[in-house]
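One structure is given here, and the rest of the page talks about it.
The values are calculated or read from the model by the stated rules, or taken from the named source; none is laboratory data. Here the structure is a predicted model, which is why all the values come from computation and not from measurement. Cβ atoms come from the backbone with ideal geometry, glycine included; neighbour counts cover every protein chain shown. Please note that ligands, DNA and RNA were not included when accessible areas were found on the heavy atoms of the full protein model with its side chains. Shrake-Rupley method; radii C 1.70, N 1.55, O 1.52, S 1.80 Å.
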Amino acid sequence: MSQLKKIQYNCKKATFLIEKKMLSRITFREHIELRIHLMGCSVCRIYGKQSRIINDMVRQLFKSSMPGEVKLDDSFKKELQERIEIELNKN
């Protein structure tokens, strides 16, 4: 299979590059490979749009909840501690 065909049909790599691009810079080669893939793959284009929307929503959620302190409920902490101790005692 030619190099161009591998790029065109590799959705796994394309989704990886979409996520990597949102977190940091991608190389020029990765940028070209992604563009070639997205030209022919509507599924990955939709994935990219949905991923951007989800990331934006998560950022907004964290921005809106950051001013106040977020604390765990005491009963939840106690239950969690008990579960941890049970798992530790299994060994």
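Out of (1) part of a helix (DSSP H, G or I); (2) modelled with pLDDT under 90, the odd one out for Lys71 is which?
Tallying (1) part of a helix (DSSP H, G or I); (2) modelled with pLDDT under 90, Lys71 fails exactly one: (1).
I'd like to know if segment 50-64 contains one or more residues that are open to solvent by 90 Å² or more (accessible area, probe 1.4 Å), in a loop (DSSP other than H, G, I, E, B) and at pLDDT 90 or above. Lay out the reasoning, then the answer.
Initially, segment 50-64 is screened for residues open to solvent by 90 Å² or more (accessible area, probe 1.4 Å), giving 50, 52-54, 57, 59-63.
Going one step further and asking which of them are in a loop (DSSP other than H, G, I, E, B), we end up with none.
Scanning segment 50-64 turns up no residue that is open to solvent by 90 Å² or more (accessible area, probe 1.4 Å), in a loop (DSSP other than H, G, I, E, B) and at pLDDT 90 or above.
If I filter segment 25-49 down to residues being outside any helix (DSSP H, G or I) and open to solvent by less than 60 Å² (accessible area, probe 1.4 Å), which single residue comes out as nearest to Asn10 (Cα to Cα)? First the steps, then the outcome.
Step one: filter segment 25-49 for residues outside any helix (DSSP H, G or I), giving 25-27, 41.
Those left that are additionally open to solvent by less than 60 Å² (accessible area, probe 1.4 Å): 26, 41.
Working: Ile26: 17, Cys41: 10 Å.
Top of the filtered list is Cys41.
Restricting to segment 10-24, what's the tally of residues that are free of Cβ contacts under 8 Å to residues at least 24 places away in the same chain, open to solvent by 40 Å² or more (accessible area, probe 1.4 Å) and either within 17 Å of Asn55 (Cβ to Cβ) or among the hydroxyl-bearing types (Ser, Thr, Tyr) (or both)? Give the derivation first.
Step one: of segment 10-24, the residues free of Cβ contacts under 8 Å to residues at least 24 places away in the same chain are 12, 16-17, 20-21, 23-24.
Right, trim to open to solvent by 40 Å² or more (accessible area, probe 1.4 Å) and you get 12, 16, 20-21, 23-24.
Subsequent filtering for residues that are either within 17 Å of Asn55 (Cβ to Cβ) or among the hydroxyl-bearing types (Ser, Thr, Tyr) (or both) retains 16, 20-21, 23-24.
Number of matching residues: 5.
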